[in-house]
Amino acid sequence: MSNQETSAAQWQRLARRVSTKINLAWWLDKLAAPLLITTLAGSCLILITRRETTEFPWLQTAIVGMLLFLGMALMAWWLARGNFESPDHALVRIEASMKMHNALSAARQGISPWPGMPGNVDDGTRWRWTRLLSPLFAAVLFLSTSIFLPVSARNDAAGLPPDEPQAWKDLQADIESLGEDQTVQEDYLNELEERVNRLREQNEQEWYSHSSLEATDALRKMHGSELDRMEQNLRKAERALKNLQQGEDKMSESASQRLLNEFEEALQALAQGKMKPNEELLKELKKLDPANLGQIDPEQFNQLCENMRKHAESCQQCQGGGQQGAGAVTDTLDSLLGEGPESNESQQGKGGVNRGPGSAPGLLGDASSDVDSGDLEGLDSGDLSKSLPGDLLKLQDDEHEVDKSKTGLRAGGKVEGKARGGSRVWKESLLPSEKSALKDFFK
Amino acid sequence: MEHASETEVTDAGRHIRSLSSALQQVIFGQEELIQLVLTGILARGHILLEGLPGLGKTELVKGLSRTLDLDTRRIQFTPDLLPGDITGNPVLQEKDGSRQFIFQPGPLFTNIVLADEINRASPKTQSALLEAMQERRVTVLGETHQLPLPFFVLATQNPIELEGTYPLPEAQLDRFLFKLEITRNDVGTLERIVNDRELGTEPEVHPIMDETTLGNILSLVRRIFLPEVVGNYIARLVDATHPGQSSAARSIKFGSSPRAALSLAASARARALMNERTHASFEDVKFVAPSVLRHRIILEYNARVEGLTSNEVISSLLEEVPFQSGNTPGTLQQTSSN
């Protein structure tokens, strides 16, 4: 191969390399914007999908991502191909950059010989790395953020059944509690559970409907009043029995009869109520002859009383209607009537800016002479522009400035003041610093 | 047409170098001006020299005519000069027993015309040069007379003292290949002039080139290869002089004509030959572009008020228009400028 052919081959190889570089640069230039936009949109999509689903489809996402990138690459090539340079064009770029006076173009046309390849070849271009890598870094950052950012899948509230009303839970807890302690006969518990289940069987959307809540409230009140009634009857029976036993010898006939009647009433109420106490307890109470308590073994009697007390406490501890049962209703009514015990803590309805919510006590009772308006609080409007003559603008707890220095008797016509001027002035009227300054001056 | 060979180019280059050396003995410190004048002559163009009085414009033209051994006439243009005074007039003469109008050729019938202070002549007289400069012929009373070849007009004009002058019309200016601005000399050059010259004496110059050699060189210039990419660069450069085609052209009211593109190509070829190359290049175009374009663009009024000159606008154009036609992508940085 001659020198000319070698030079020609070298220049053409260089031209192909430069042409590839220019075309690659064009392709990357056109790819940058779609890559940024797509990765940004894709990242948002990944984040949303990760938020919405518990199991993220990584494989499918990777495949879609690859296909998208391929599409973008093709689109970028399509857009860039109009600017692509041929090796001949690259040759012109090289000769222009190296100031070769178009020797390569002339040599390509066969006008002049191919020049020798110099040691240092420059095509006149340099990669602009910041512009080249910025979109790439941004794309990687977007994707990494969307993949590695900790995002928890959202709980699908719509897909899960709603929480059942608290009252049902309380009733269910009472059923279980009373069943475990065997405080109440099972018939009542079964019936109550059946009613609660009937409410549960409604459409979930209806659980908090007005009618459902009304029914729940009625059931809770009924259960509460039953619990209350049973508790009171058990305590009443226990009290009657205890009193009968303690005053067996000393008690008058009428008092004894009254207690017997009380016990009978309580026992009857327990036996006839919807909620009946434990069957064994009821049988024992029925078997018991209150008139002959002295014949009963004291230990056996104490055990019976203990059982009754435990049953009563069980009823008291139940949640279903205990807190807002009849007792609570009575308290509220007492409060409204103004007859109940007055609590200093609850200041409902009492005057003052911090009086809080609620109705004023005694709303439904007789009008009270005491308005009970609470402490008076001064409200500072801060706006004095609308004050009228005579309005009290400010109260101040202060004293008048009175000269309280004591003055003794003075004889008239006697001059006590010393003459002003001379040494008196600088000795008595000046400040120490002024005195020292004057001393220094006269020294 | 057969392209110029390396040997022919080298041989012509030797002659041109001699010519250039001889002219440098006539006018000191104006090497670039001499190069441009020779480029214009080799490109068969007419040249307009503009400069203050006493800078050696006339001396340069006289020196050129002597070194080329060509017939030269000097016409001092004045306001009362008539077209017939330069083209020639038919004169009533007795011939073969009858009286006929015989054409008496004017001073235009020569090889080199030194049109001194051309802008002092009336537009009518200036226009008489149009046909002569473009078509190398003169028509008087319907009769056309060919001018001798080669024919060059080297005109001078003074940029100051414009009272009583008639600025050359655009059509006239466009016929000048180059408009060259002669700048003042530096101290070293002035010192050399003082030492070597005396007032009122002309430098001794011998003919360097005969008419045949000049003819051969002129025909060789036409055979210099102009690569397509260089032609493309010329086209883009001339196009960029038109308003809206480039950012530099915002200051231009009217751009250059296709004659400017042809002038650029011809002068780039001549420049290549002077550098003993068989092909023209981007650099040749860039070298001659200011001289070719500066009188062919008309600046906007605003630009002139702002003090912008044609040279500055052309410099911006040359910076703006890249040698290669393709753009460079944003991901690449252009490290070399034109």
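The values are calculated or read from the model by the stated rules, or taken from the named source; none is laboratory data. The model shown is predicted, which means the values in this text are computed figures rather than measured ones. Don't worry about glycine lacking a Cβ; one is built from the backbone with ideal geometry, like all the others, and counts go over all protein chains shown. Heads up: the accessible areas ignore ligands, DNA and RNA and are worked out on the full protein's heavy atoms, side chains in. Shrake-Rupley method; radii C 1.70, N 1.55, O 1.52, S 1.80 Å.
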When each pair of different Cα atoms in the protein assembly as shown is counted once in the 1/r mean, what is the Kirkwood radius in angstroms, to one decimal? 41.3 Å
Cα centroid of the stretch B:1-36 to Cα centroid of the stretch A:219-253, whole Å: 140 Å
Take the stretch A:166-327, compute every pairwise Cα distance, and split them into 10 Å bins from 0; I just need the percent in each bin. 10, 37, 27, 16, 8, 3, 0
Using Cα springs under 10 Å in a Gaussian network model of chain B, which residue among B:Arg304, B:Arg175, B:Arg74 shows the largest mean-square fluctuation? B:Arg304
Taking the alpha-carbon centroid of each part, what is the distance from the stretch B:184-209 to the stretch B:265-280 in angstrom? 29 Å
Please state the relative contact order of the stretch B:48-191 as a whole percent: Cα pairs under 8 Å, 6+ residues apart? 33 percent
Only helices counted: for chain B, with every DSSP H run of 4 or more residues adding -39500 (n - 2.57) and the sum spread over all residues, [θ] at 222 nm is -13500 deg cm²/dmol
Mind checking the dipole of the protein assembly as shown: about its Cα centre, +1 per Lys or Arg Cβ, -1 per Asp or Glu Cβ, Debye to the nearest 20? 5700 debye
Note down the relative contact order for the stretch B:1-104 as a percent, whole number, built from C-alpha pairs under 8 angstrom at least six residues apart. 17 percent
Given R₀ = 41 Å, FRET efficiency for B:Gln334-B:Asp80 by Cβ-Cβ distance, to 0.05? 0.10
Projected label distance in nm at A:Ile48 and A:Ala291, using a 7 Å step from Cα toward the beta-carbon: 8.8 nm
Need the list of lysines near A:Lys404 for cross-linking: C-alpha distance under 26 angstrom, and skip anything on the same chain fewer than eight residues off. A:Lys414, A:Lys418
D (µm²/s, integer) via Stokes-Einstein for the stretch A:4-94, Kirkwood Rh across alpha-carbon pairs, 10 °C, 1.306 mPa s: value 101 µm²/s
Note down the accessible area of B:Glu161, probe 1.4 Å, to the nearest 10 Å². 110 Å²
Across A:87-96, the residue-averaged tally of Cβ atoms belonging to other chains within 10 Å stands at 5
Out of B:Leu48, B:Ser21, B:Pro83 - ranked by how far each Cα lies towards the positive end of the dipole of the stretch B:1-151, with unit charges on the beta-carbon of charged residues - the top one is B:Pro83
If you average the sequence gap of Cα pairs under 8 Å that are 6 or more apart and divide by the length of chain B, what percent do you get for the contact order? 22 percent
Output the peptides A:128-134, A:175-181, A:95-101 sorted from most to least packed, where packing is the average of other Cβ atoms within 10 Å over each peptide's residues. A:95-101, A:175-181, A:128-134
In terms of Cα to Cα distance under 13 Å, which aspartates and glutamates are near enough to B:Lys124, apart from those fewer than 8 places away along the same chain? B:Asp80, B:Asp85
Set of aspartates and glutamates with alpha-carbon distance to A:Lys221 below 17 Å, sequence-local pairs under 8 removed: A:Asp170, A:Asp174, A:Glu191, A:Glu193, A:Glu194, A:Glu231, A:Asp331
Averaged across B:282-290, how many Cβ atoms of other chains sit within 10 Å of each residue's Cβ atom? 2
Find the Cα radius of gyration of the stretch B:224-323, compare it with 2.2 N^0.38 Å by division, and give the number to two decimals. 1.06
Compare the peptides B:111-117, B:289-295, A:388-394, A:21-27 by average per-residue count of other Cβ atoms within 10 angstrom and give them in order, highest first. B:289-295, B:111-117, A:21-27, A:388-394
Provide B:Arg17, B:Arg137 ordered by accessible surface of protein heavy atoms (probe 1.4 Å), highest first. B:Arg17, B:Arg137
Rank A:Tyr208, B:Tyr301 by accessible area, highest first, at a 1.4 Å probe radius? B:Tyr301, A:Tyr208
Inter-chain Cβ neighbour average for residues A:22-28, partner chain, 10 Å: 4
